[in-house]
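Report on the structure given below.
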Amino acid sequence: MTTGKIIKALAGFYYVLHDGDVYQCRGRGNFRKKKVTPLVGDNVEFKADNQEEGYILSIDNRKNEFVRPPIANVDQALIVTSAVKPDFNALLLDRFLVLVEAKRIEPFIVISKMDQLTDGEVKEMESYKAMYEKIGYSVILSSVNDPSSMDQVQSHLSGRTTVIAGQSGVGKSSLLNSIDPRLSIDTDDISESLGRGKHTTRHVELYEISGGLVADTPGFSSLEFGDLELDQLPECFPEFVEVQNDCKFRGCLHNKEPKCAVKAGVEDGTISQQRYDHYVHFLEEIQNRKPRY
Ligand SMILES: Nc1nc2c(ncn2[C@@H]2O[C@H](COP(=O)(O)OP(=O)(O)OP(=O)(O)O)[C@@H](O)[C@H]2O)c(=O)[nH]1
Ligand SMILES: [Mg+2]
Ligand SMILES: [Zn+2]
């Protein structure tokens, strides 16, 4: 019996990395009865007489897991959003941030395709960078043709397990290829003219990059909050958490309540109006969510 990590799940097989070698395994054993599905990122015990015919015996407890993309045991999330093609979308970025914050996983942000911008548009992205950095997030303005931006991304990846998330076509796979050309992950050129992605990446896979592991994932176009509860939402905005003790009411949702420190922050400009608007948008979305039985 050996221990390893699932780096890919495809067509009923799990690919388990152990000591630099990958073993193709099937799922067998206890976890099946317990209705646990192995996920990429799982640390497992497996048995294999050769590299093609192994089977997984058990799965270690997970420190965290995402349903979309399906992955377990990540240290941080890299959220990639493009400056153009598809257009920069702050609402979608905030949605990703909330989903990552809700899992208490540290996010960092890459705004890609900076090489496609006019000077005026560059300034706009720089002001977004400043806004998010003020909240405490790292933001890298990147282009695959700009080695210094790739070095910055790489330095964030070393020694940790990172999941990359973002819309289709923003350049998630291209980013990894640029950092390590040996990966040669498929990327899509054809769809770029349409300004939207075409879901080129279709499975989750962990790659070894600069002493860490990075999961490339399929992009998605819509994202829902699933089981996020209303009272969890304020905790997913770090700049709200910072002032919430000054709200008059404990458990303030920073919405209709009087004497709210968050709304005061928006008034005096210390909290971004746009972030607050997105917060209210999400709040209403969760409030109006249809009950599920
Ligand atoms: N100009 C420019 N184009 C880029 C950059 N990064 C990616 N692209 C292009 O954007 C397109 C989509 O890139 P992908 O890496 O396939 O995007 P993805 O996020 O992996 O997309 P999915 O796999 O569908 O989720 C390709 O044509 C890339 O060449 C960049 O920094 N600058
Ligand atoms: Mg891809
Ligand atoms: Zn409040």
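Computed values, structure above
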quantity	calculated
Hey, residue 251 away from ligand 3 (no atom under 16 Å from the Cβ), assigned to a loop (DSSP other than H, G, I, E, B) and either open to solvent by 20 Å² or more (accessible area, probe 1.4 Å) or at pLDDT below 95 (or both) or not	no
Wholly within region 103-202, strands (runs of 3 or more DSSP E) carrying at least 1 residues that are touching a residue at least 60 places away in the same chain (Cβ under 8 Å) and open to solvent by less than 30 Å² (accessible area, probe 1.4 Å)	106-112, 161-165
Selected residue (criterion: farthest from residue 272 (Cα to Cα)) from residues of region 94-136 that are over 19 Å from the mean Cα position of the chain (by Cα) and polar (S, T, N, Q)	116
Filter result for residue 207 (of a type in the set (Phe, Trp, Tyr), assigned to a strand (DSSP E or B) and open to solvent by less than 40 Å² (accessible area, probe 1.4 Å))	yes
Wholly enclosed strands (runs of 3 or more DSSP E) of region 1-93 bearing at least 2 residues β-branched (Val, Ile, Thr) and within 25 Å of the chain's Cα centre (by Cα)	2-10, 76-82
Any hit, region 60-76, residues being surrounded by fewer than 20 Cβ atoms within 10 Å (Cβ to Cβ) and over 30 Å from residue 285 (Cα atoms)	yes
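The values are calculated or read from the model by the stated rules, or taken from the named source; none is laboratory data. Here the structure is a predicted model, which means the values were calculated and not measured. Here the Cβ is made from the backbone with ideal geometry for all residues, glycine too, and neighbour counts use every protein chain on show. Accessible surface areas use protein heavy atoms only, side chains included; no ligands, DNA or RNA. Shrake-Rupley method; radii C 1.70, N 1.55, O 1.52, S 1.80 Å.
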